[in-house]
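What follows is one structure encoded as structure tokens, with my remarks underneath.
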Amino acid sequence: MKACKLLLSALFIFMIATPSFAVTYGVGMSVNILWWQPYWTEGGLEMNKGKKKSSMDSATHYGPMLTAVFDRWTLTTSFRYGSYETKGNNVAVYENLIMVDNLPTFYSYNGYVNKYDYNLYLGYLLNKYMKIIGGIRYMGFSMNEKRSLIVKFSYYLLPVDARHIISSNTAGPSIGVGFDVPLMKDLYLLPKISWVMLWGNNYEGSSFVRVPKSTLMYYGFNTSLSLAYHWADIKTTFVLGYRAQILMIKAMTGSSYASHRSDLTQGIQMSAEYSFDL
């Protein structure tokens, strides 16, 4: 709901801020098929010395996009949502948590992660082929997992169910460059790279332990390479390409298992956008 309000607000700004020269508007939809490797898939969880065998299937991210092009400037806003399934198992040693004498614990888990991305960018065309792009980004997610543990106490094996949650909300600036390379009539190659820095709150907790909220910083690169075809008869541009984003994580306040780990996203991006003049 908040993302829809942001998109509508952005469109309203486009309308009322229309200058005296011609403006071209665009309304479209983007669909990405992405493979995401968040920080918690890199190894054992907090207070966990074992190796974790985990996997997350790809997910489809989708959402609306709006643009306004005037003179050398382009204003773009977009929102995408995707839902992932998590699954895996682990053999671990927990110290001073629910275990005694460092006895091993086996658990399997499954759950889901809802992920959200919002972008607001302003681009300036330096020449026919190159433009500078700057703006703000929001990235948030919430994870909810059910864990089924088998705990060994002395000579007994006891089944225990636990719930594990993670929630994160980060935002910050992004700046980069993009290129429009004509290949043939109405067909273009679109390379793009940008530097991203995001800050925000991160919360981790489970049925057995609560980790205080921490402030995390994500920083790294977002790149994409796409082909764009403009179908003039229907005033629509179709884009197909590949996108990759690698972000390193640092805890600014508090403590988090995420600190000094990474967040990797890669996959296929597609979009279709209809353009019109008012």
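For the range 114-132, taking the residues that are assigned to a strand (DSSP E or B) and charged (D, E, K, R), the one that is surrounded by the fewest Cβ atoms within 10 Å (Cβ to Cβ) is identified as LYS131.
A Cβ distance below 8 Å, combined with a sequence gap of six or more or placement on separate chains, defines the contacts here; from the range 166-190, residues that are surrounded by 14 or more Cβ atoms within 10 Å (Cβ to Cβ) reach residues that are among the acidic types (Asp, Glu) and assigned to a strand (DSSP E or B) in the pairs ILE166/GLU204. Can you tell me which residue in the range 191-211 is farthest from TYR116 (Cα to Cα), limited to those that are open to solvent by 50 Å² or more (accessible area, probe 1.4 Å) and over 23 Å from the mean Cα position of the chain (by Cα)? In this case the residue turns out to be PHE208.
Looking across the range 225-235, the residues that are open to solvent by 20 Å² or more (accessible area, probe 1.4 Å) and at negative phi come down to LEU225, LEU227, TYR229, HIS230, TRP231, ALA232, ASP233, ILE234. Taking the listed residues GLY111, GLY135, the one that is under 28 Å from GLY267 (Cβ atoms), small (Gly, Ala, Ser), at pLDDT below 85 and open to solvent by 10 Å² or more (accessible area, probe 1.4 Å) is GLY111, with no other qualifying. Here the range 16-35 is the region considered, the condition is being at pLDDT 60 or above and hydroxyl-bearing (Ser, Thr, Tyr), and the residue that is surrounded by the fewest Cβ atoms within 10 Å (Cβ to Cβ) is THR24.
Taking the listed residues TYR242, TYR218, the one that is surrounded by 14 or more Cβ atoms within 10 Å (Cβ to Cβ), in a strand (DSSP E or B) and modelled with pLDDT of 90 or more is TYR218, with no other qualifying. Taking the range 68-87 as the range and being touching a Ser or Thr at 6+ places or on another chain (Cβ under 8 Å), among the charged types (D, E, K, R) and surrounded by fewer than 20 Cβ atoms within 10 Å (Cβ to Cβ) as the test, only LYS87 passes.
The values are calculated or read from the model by the stated rules, or taken from the named source; none is laboratory data. Keep in mind that what you see is a predicted model, and the values were worked out from it rather than measured. Virtual Cβ from ideal backbone geometry, glycine too; neighbours counted across all protein chains shown. What goes into the accessible areas is simple: the full protein's heavy atoms, side chains included, and nothing from ligands, DNA or RNA. Shrake-Rupley method; radii C 1.70, N 1.55, O 1.52, S 1.80 Å.
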